Amino acid sequence: MKHEIVRNILIFGIVVLLSFLIDYKKSVKYWYVLLLFFIIGFADNILGTITIEYPNTQLIKTHNWNNALNCNWSPKIYSIVFALLLLIPLKKIITPDEIGLRLGQNKNSIKFSLTVIVCVFLTSLVPGLLGNKGVFDTKALLFMAIMPGLNEELIYRGFLLGFLNKLFDKRFKFLGTNFGWGVILTSIVFGLLHGFYLTDTYQIGFDNVPNIILTGVYGFVFALMRERSGSLVFPIIAHSTIDFFHFLFRMI
């Protein structure tokens, strides 16, 4: 567990360091925002380790599919509840709208979001069809259709991106969407969390580098959707689409 703690400190600490390098003055001014970024990101990830190390903390017993997917509902539920409870004490620092907690979509964004969803569905075909096959598992599919999208979009494209947007202006533009360093930094974090690890002896390793890159790209695309639409609705749908169909194709 100690090496997992250090690993998460490294990942989120790197972003804090990069933030100071990108804009030192704003990082000093909004040091408390970066602290919240670190705390929420760290907590979201360490909850997974805690519920595995201490099974009694699991609200729903973890379920493993094909020794390739650990369906652990509990840390994601804990993380969602923890994040939403912070809305009240943090209301003067970040608002629900800045997080993307609204159903309304910005003007001229729906077509873009729907196009992205179709594209991510198509990209899930190849790795899903070529990946290692396993038995059909309704529990695993239900988990992938619901939890990763809800939890990870709320945290990474919601809170964490919202925090970094307070530091960085939206100076970049891609596919007609304005965005800032927050999109880039949260995408890097998202990719690293899906493959960067430390061994028990604190040796650095990268598990499946192509997957780290692909996940980082997905994180970037979801963040663009969030910036374009102003809402987490379509990023959640896109994320859930990828996860569900990727594993569905590996089961059939």
Where a residue in the range 190-211 is farther than 25 Å from Leu154 by Cα and its partner, wherever it lies, is of a type in the set (Val, Ile, Thr), with Cβ under 9 Å and at least six apart
Leu198/Val6; Leu198/Ile204; Tyr202/Val6; Gly205/Thr199; Phe206/Ile212
Looking at the range 149-176, which of its residues are touching a residue at least 60 places away in the same chain (Cβ under 8 Å), farther than 21 Å from Val15 by Cβ and either assigned to a strand (DSSP E or B) or within 14 Å of the chain's Cα centre (by Cα) (or both)?
Gly149, Leu150
Examine the range 51-58 for a residue that is touching a strand residue (DSSP E or B) at 6+ places or on another chain (Cβ under 8 Å), more than 20 Å from Met225 (Cα to Cα), polar (S, T, N, Q) and part of a loop (DSSP other than H, G, I, E, B), and state whether such a residue exists.
no
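Identify the residue in the range 67-92 that is among the β-branched types (Val, Ile, Thr) and under 21 Å from the mean Cα position of the chain (by Cα) and, among all such residues, is nearest to Ile252 (Cα to Cα).
So the first thing to find is which residues in the range 67-92 are among the β-branched types (Val, Ile, Thr), and the list is 77, 80-81, 88.
Right, trim to under 21 Å from the mean Cα position of the chain (by Cα) and you get 77, 80-81.
Numbers: Ile77: 29, Ile80: 31, Val81: 34 Å.
By that ranking, first place goes to Ile77.
Quick check on the range 67-81: of everything there that is in a strand (DSSP E or B) and among the hydrophobic types (A, V, I, L, M, F, W, C), which residue is modelled with the lowest pLDDT?
Leu69
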Note down all Cβ pairs under 9 Å where the first residue falls in the range 10-34 and is farther than 17 Å from Gly191 by Cβ and in contact (Cβ under 8 Å) with a residue 60 or more places away in the chain, the second is β-branched (Val, Ile, Thr) and surrounded by fewer than 16 Cβ atoms within 10 Å (Cβ to Cβ), and they're at least six residues apart or on different chains.
Tyr32/Ile93; Val33/Ile93
Failed condition for Asn64, given (1) more than 19 Å from the chain's Cα centre (by Cα); (2) in a helix (DSSP H, G or I); (3) among the polar types (S, T, N, Q):
(2)
Tell me, which residue of the range 17-46 that is buried (at least 18 other Cβ atoms within 10 Å of the Cβ) and among the β-branched types (Val, Ile, Thr) is farthest from Arg171 (Cα to Cα)?
Ile46
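With respect to Pro235, determine if the residue is modelled with pLDDT under 90 and either of a type outside the set (D, E, K, R) or outside any helix (DSSP H, G or I) (or both). It would help to see each step written out before you state the result.
Numbers: modelled with pLDDT under 90: no; either of a type outside the set (D, E, K, R) or outside any helix (DSSP H, G or I) (or both): yes.
For Pro235, the condition - modelled with pLDDT under 90 and either of a type outside the set (D, E, K, R) or outside any helix (DSSP H, G or I) (or both) - is not met.
The values are calculated or read from the model by the stated rules, or taken from the named source; none is laboratory data. Note that this is a predicted model, so its numbers are computed, not measured. Please note: Cβ atoms are built from the backbone with ideal geometry, for glycine as well, and neighbour counts cover all protein chains shown.
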